[in-house]
1. Viscosity 0.692 mPa s, temperature 37 °C: Stokes-Einstein D of region 40-102 from its Kirkwood Cα radius, in µm² per second?
2. Determine, at each q value in 0.14, 0.19, 0.25 (inverse angstroms), the log₁₀ of I(q)/I(0) that the Debye formula gives when each Cα of region 93-160 is one equal point scatterer.
3. Please report the carbon-and-sulfur percent of the accessible area for region 87-134; probe 1.4 Å, protein heavy atoms only, DNA, RNA and ligands left out.
4. Mind checking the per residue accessible area of region 92-171 for me, 1.4 Å probe, whole number of Å²?
5. Just in region 91-171: which chymotrypsin sites (Phe, Trp or Tyr not before Pro) are loop by DSSP and have at most 13 other Cβ atoms within 10 Å?
6. Quick one: the Cα spread of region 72-119 along its three principal axes, in angstroms, biggest first?
7. Tell me which residues come under 5 Å, amide H to amide H, from GLY149 once H is placed; ignore anything under 5 positions away on its chain.
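The values are calculated or read from the model by the stated rules, or taken from the named source; none is laboratory data. Keep in mind that what you see is a predicted model, and the values were worked out from it rather than measured. In this analysis, Cβ positions are derived from the backbone assuming ideal geometry, glycine residues included, and neighbour counts consider all displayed protein chains. Heads up: the accessible areas ignore ligands, DNA and RNA and are worked out on the full protein's heavy atoms, side chains in. Shrake-Rupley method; radii C 1.70, N 1.55, O 1.52, S 1.80 Å.
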Amino acid sequence: MKGLQGWKITVRWAALALVLTVVTVVGASPSGAQGTPSTQELLISLDADSSQVNSLLQILAERSHLNIVTSPDVQRRRISIHLKNTPFDEALNIVVRAAGLGYERIGNSILVGDPQKLATLTGLTSRVYTLQYGNALEVQKSLTSVIDGLNAYASGNQVVARGTPSQLDQV
């Protein structure tokens, strides 16, 4: 009996290192086509004890078909998590916040790192929006809550925005 109990303990510790994921897709994609579901339709179940956050993020990236890029300090962090049928966006938010991190979504990619470093504006670019149905000066006033670097040019009815890729996506 003693030998058998030792075996159970070994199996139990091995199970702690294992991350079991079950992903369930509910419904079809908005276009009705077969293929990759949107992250809004993707339900995630995760059971992990003292697992590295970057391993969990890798699983989320594989299931969602999104790119997830992490800063070097993510590798040292571990969390325990037990989720059942949780929407992808919520699961990502919970994993990242439980590790004391933040994230920024840029198109088809997610950047995970220290929240203070993410708040630093890097990779600024400019984009010109030529308006057809709106007044550039009025649009500038309404978008100042989204982005600070916004200029309006009434002569060409254009708005020029300067910011991070995620800010420009919001504009």
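1. Numbers: Rh = 11.7 Å.
For these conditions, the coefficient is 282 µm²/s.
2. -0.60, -0.81, -1.04
3. Details: 1590 of 2970 Å².
So the carbon and sulfur contribution to the accessible surface is 53 percent.
4. Values: 4890 Å² over 80 residues.
For region 92-171, the per-residue accessible area is 61 Å².
5. The qualifying sites are TYR133.
6. Between the extreme Cα coordinates on each principal axis of region 72-119 lie 31, 27, 14 Å.
7. For GLY149, the qualifying residues are ARG162.
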